[in-house]
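Undergrad: Here's a structure for you.
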2 protein chains.
Amino acid sequence: MKESPFDIEDYIHRVQSFHGHIAPGVVIGGFMVHLARTRIPATTLFDAISETPACLPDAIQMLTPCTVGNSWLKIINFGRFALSLYDKYHGNGVRVFIDPERLEKWPEIKAWFFKLKSKKEQSHEHILSQIKQAGVEICGEFPIQIKPEFLKKRDKGKVVICPSCREAYPLQDGDFCLACQGNSPYITPDAPYGQ
Amino acid sequence: MKESPFDIEDYIHRVQSFHGHIAPGVVIGGFMVHLARTRIPATTLFDAISETPACLPDAIQMLTPCTVGNSWLKIINFGRFALSLYDKYHGNGVRVFIDPERLEKWPEIKAWFFKLKSKKEQSHEHILSQIKQAGVEICGEFPIQIKPEFLKKRDKGKVVICPSCREAYPLQDGDFCLACQGNSPYITPDAPYGQ
């Protein structure tokens, strides 16, 4: 991995298939993940953080073993277009981010990133072309150390049946599951058995 | 899609590759996604909700166009092993969940699901074998309607540079980005330019 070049055309092909469209954020994310991986030893078992739910998680899921469902990828929504890869046991790793200063050379990327133009004014083709040319040039990076409490695996504890919806949930959430405690996105009865 | 049978062996092969190991939850999730898709018209543009971050998001990402990064998949952590697929414009759809009552016939799945046995006592092979036999039999389902406010696309608004870390963030988060406001998972300086 460490020495292999990033095959951007092959990656873009996969982006179309997995993400559904060739979003600039996922393409930039590919370069970011690639850069991060070159900074950690190839044998390191690593976890990942995406600091945004937008685009970047898909780049990580496509280019590393870390997925949301296997919990090796965590999304912490700080609204920053940045990711970290770090040793899953010791927490040392690298953070890669888009450096606004480095965008000055790339007006199309900058206009897209800071939403300086309306969608109609943007040219998808020009943005992509600049992203491919710029590659990792627009990225900043620095080493990071993850807080120990963040590395701990959280056990969800005892699993019981919710007296309201009669589905299984972690008892530590309370006397009812979190959905029956409120905040359900459903209008239709969430608890068909009645509460 | 509607009439096609679910090719479980092919799916398990893909689970190994994407999720990294053949986790029971992702295999059950495959049946759940398949069932949900048969309940909505094949032409419907749908979004997805996973009510748990564990396993199920990967089944959805593998078997539908919905991913975390393209935002068609939302994870709302209710701690319930359930998912919904719904019309992205009108919010009508279906919710599929594991029905604890239906697990009575499948002691290995039940023991795994309710953590009645330690990992050491569990047989991965027996659990998988019962999951493959049971298929959608252990699932419950009912129609749902998503609340209108949940269907709205949230615009993150103006993007500005954080005076602390000098990275881009949505201004609506405050005078500093959320990471610089606290809760960073990093020990090492999150703001290398100083705060």
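Undergrad: Look at the axis of the rotation that sends chain A onto chain B, then give the chain A residue with the nearest Cβ and the distance in whole Å.
TA: Residue plus distance in Å, as requested: A:68, 3.
Undergrad: Another question, then. Taking every residue in B:139-151, how many Cβ atoms of other protein chains lie within 10 Å of its Cβ, on average? Present the calculation step by step, with values, prior to reporting the outcome.
TA: On the way: counts 0, 3, 0, 5, 2, 7, 4, 5, 5, 1, 1, 4, 1.
Per-residue shielding by partner chains comes out at 3.
Undergrad: Oh, and also: Give the nm distances, rounded to one decimal, from residue A:151 to the matching residue in every other copy, measuring between label points 7 Å along Cα toward the beta carbon; shortest first.
TA: 4.7
Undergrad: Using modelled amide H (1.01 Å from N, peptide plane; none on Pro or chain starts), what sits under 5 Å from the amide H of residue A:187, excluding residues fewer than 5 places away?
TA: B:145, B:146, B:147
Undergrad: Compute and list, largest first, the equivalent-ellipsoid semi-axes of region A:1-89 from the alpha carbon gyration tensor, each √(5λ) rounded to a whole angstrom.
TA: Values for region A:1-89, descending: 19, 17, 11 Å.
Undergrad: Suppose you put the label 7 Å out from Cα in the Cβ direction; list, shortest first and in nm with one decimal, how far residue A:92 is from each other copy's label.
TA: 5.9
Undergrad: Along region B:159-165, what does the Karplus equation 6.51 cos²θ - 1.76 cosθ + 1.60 (θ = phi - 60°) give for ³J(HN,Hα), rounded to whole Hz, x for Gly and Pro?
TA: 9, 10, 9, 5, x, 8, 8
Undergrad: Give a residue-ordered list of calculated ³J(HN,Hα) values for region A:139-147 (Karplus: 6.51 cos²θ - 1.76 cosθ + 1.60, θ = phi - 60°; whole Hz; x for Gly, Pro).
TA: Result, rounded to whole Hz: 9, x, 7, 7, x, 10, 10, 7, 4.
Undergrad: While we're on this one: Need one value for A:165-178: mean number of C-beta atoms belonging to other chains within 10 Å of its residues' C-beta atoms.
TA: Average neighbour count from other chains, rounded to a whole number: 4.
Undergrad: Suppose we look only past 13 Å in the calculated P(r) of region A:104-166. What percent of the Cα-Cα pairs does that tail hold? Before the final figure, lay out each step's value.
TA: On the way: 1472 of 1953 pairs.
For region A:104-166, the share of Cα pairs beyond 13 Å comes to 75 percent.
Undergrad: Over all residues in B:99-108, what is the mean tally of Cβ atoms on other chains that come within 10 Å of each residue's Cβ?
TA: On the way: counts 3, 7, 2, 0, 1, 0, 0, 0, 0, 0.
Other-chain Cβ atoms within 10 Å of each residue's Cβ, averaged: 1.
Undergrad: Per residue and in Å³, how big is the convex hull formed by the alpha-carbon atoms of chain B?
TA: On the way: hull volume 30.9 nm³, N = 195.
Per residue, the Cα convex hull of chain B comes to 159 Å³.
Undergrad: Right, next: Restricting things to alpha carbons, find the Rg to Rh ratio for region B:92-138 using the Kirkwood radius for Rh.
TA: Details: Rg = 11.8 Å, Rh = 11.4 Å.
With Rh from the inverse mean 1/r over Cα pairs, Rg/Rh is 1.04.
Undergrad: Compute the long axis of helix B:124-134 from its Cα atoms, compare it with the longest principal axis of the Cα atoms of chain B, and write down the angle in degrees, 0 to 90, nearest 10.
TA: Long axis of B:124-134 versus the principal axis of chain B: about 70 degrees.
Undergrad: Residues with amide H under 5 Å of residue B:95's amide H, sequence separation 5 or more or different chain, H placed in the peptide plane at 1.01 Å from N; which?
TA: Amide H neighbours of residue B:95: B:142, B:144.
Undergrad: Can I ask one more? Taking a point 7 Å out from Cα toward Cβ as the label site, list the nm distances between residue B:77 and the same residue in every other copy, smallest first.
TA: From this label point to the equivalent ones elsewhere in the assembly: 1.3 nm.
Undergrad: Per residue of region A:80-90, what does 6.51 cos²θ - 1.76 cosθ + 1.60 with θ = phi - 60° give for ³J(HN,Hα)? Whole Hz please, x for Gly and Pro, Karplus curve as stated.
TA: 9, 7, 8, 9, 10, 10, 8, 3, 5, 9, 9
Undergrad: Suppose a student asked you for the relative contact order of chain B, using Cα pairs under 8 Å spaced at least 6 residues apart; what percent would you report? Before the final figure, lay out the partial values.
TA: Numbers: 285 pairs, mean separation 31.7, N = 195.
Relative CO of chain B lands at 16 percent.
Undergrad: So what's the back-of-envelope 222 nm ellipticity for the protein assembly as shown, counting only DSSP H runs of four-plus at -39500 (n - 2.57) apiece and dividing by all residues, rounded to 500?
TA: Values: 12 runs with 114 residues, N = 390.
Mean residue ellipticity, 222 nm, calculated: -8500 deg cm²/dmol.
Undergrad: Once amide H atoms are built 1.01 Å from N in the peptide plane, which residues 5 or more positions from residue B:160, or in another chain, come under 5 Å H to H?
TA: Here B:169, B:171 satisfy the definition.
Undergrad: Apply the Kirkwood formula to the protein assembly as shown: the hydrodynamic radius equals the inverse of the mean of 1/r over all pairs of different alpha-carbon atoms; give it in Å with one decimal. Working shown, then result.
TA: Details: mean 1/r = 0.0450 Å⁻¹.
Roughly 22.2 Å, rounded to one decimal.
Undergrad: Still on this structure, please answer the following. Using a 7 Å offset from the Cα along the Cα-to-Cβ direction at both residue A:171 and residue B:129, what is the distance between the two label points in nm, to one decimal?
TA: Result for the modelled spin labels: 3.1 nm.
Bear in mind that the values in this text are calculations on the coordinates, not laboratory data. A quick note: this is a predicted structure, and the numbers were derived from the prediction, not measured. When we count neighbours, we look across all protein chains shown, and the Cβ atoms used for this are built from the backbone with ideal geometry, even at glycine.
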